[in-house]
């Protein structure tokens with residue numbers, strides 16, 4: 001038997017490193033159990049493992065997101081963080097200011113009539129229906145409870161005041177009263193004034209210069225006339241200058257015969273609550 005083929009085979013076998021037995025693959029369940037056991041262990045290695053797991057599972061913080069851009073690339077650093085903080089502060093300040101403004105508007109709209117604009121001492125007069133021979137005149141006078149109306153023709157040759165009806169006002173009627181002056185001539189201009197029981201004028205001489213009216217034409221007569229009409233009247237709403245702008249526009253029209261108020265003014269009825277009646281009374285004073 002020739003031994004030559006056996007010797008190289010033995011040499012090759014001896015030159016190889018000793019082979020290790022294959023490591024058995026562990027199941028995933030076993031690995032999870034070992035990791036869980038390590039996590040609950042009180043050893044320092046277990047605490048380090050827990051910290052690594054929390055750090056790997058947690059999302060990057062806000063400061064990290066501001067300092068690092070997409071893909072982990074650096075941005076402007078601390079300057080970008082400050083800019084973002086300023087934007088957040090400005091946004092929160094704007095929201096706070098808007099809410100505060102809305103709150104103050106609600107408070108003003110709800111309570112201003114009772115706190116700031118009571119109009120308790122408001123004195124006024126205005127005209128009602130005017131016919132060819134009569135005129136209705138309205139008055140509110142908290143200071144003079146017993147008054148009468150006087151009238152005369154609006155002409156240089158007429159300076160005699162004629163006595164009209166006398167009325168009394170009280171708190172029950174919000175110090176208001178209405179009288180009807182009869183015996184007037186059609187198509188004629190008149191001046192009127194209010195005088196208290198003691199002879200004192202209810203309105204000043206300057207105010208009395210604007211108190212007057214013109215009776216309607218005689219029934220069946222032909223002619224032309226000019227009138228104005230309005231829709232809803234809500235004083236001080238929306239917020240702006242005091243008064244109603246439409247009244248200023250109407251005042252620019254010359255020689256108006258009458259004005260029709262066709263819109264919503266003040267609602268007051270027998271079924272209204274005391275609060276609503278008081279609210280209507282205050283709104284009526286604002287309108288006047």
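Only the coordinates and a few stated rules stand behind these numbers; no lab work does. The model shown is predicted, which means the values in this text are computed figures rather than measured ones. Cβ coordinates were reconstructed from backbone atoms using ideal geometry, including for glycine residues, and neighbour counts include every protein chain displayed.
Put simply, the convex hull of the Cα atoms in the range 120-221 casts, on average, a shadow of 6.8 nm². FRET efficiency for the pair residue 104 and residue 222, taken as 1/(1 + (r/R0)^6) with r the Cβ-Cβ distance and R0 = 51 Å, rounds to 0.35. Centre-to-centre, using Cα atoms only, the range 205-225 and the range 80-106 are separated by 58 Å.
Roughly speaking, what is the stretch gain from residue 123 to residue 150, that is 0.36 nm per residue apart minus the C-alpha to C-alpha distance, in nm to one decimal? Full extension from residue 123 to residue 150 adds 8.0 nm.
Annotation: extensible slack from residue 168 through residue 92 equals 21.5 nm (criterion: 0.36 nm per residue apart, minus Cα-Cα distance).
Figure legend: label point modelled 7 angstrom from the Cα of residue 138 along Cα→Cβ; residues of the range 162-186 with amide N under 12 Å from it are 176-179.
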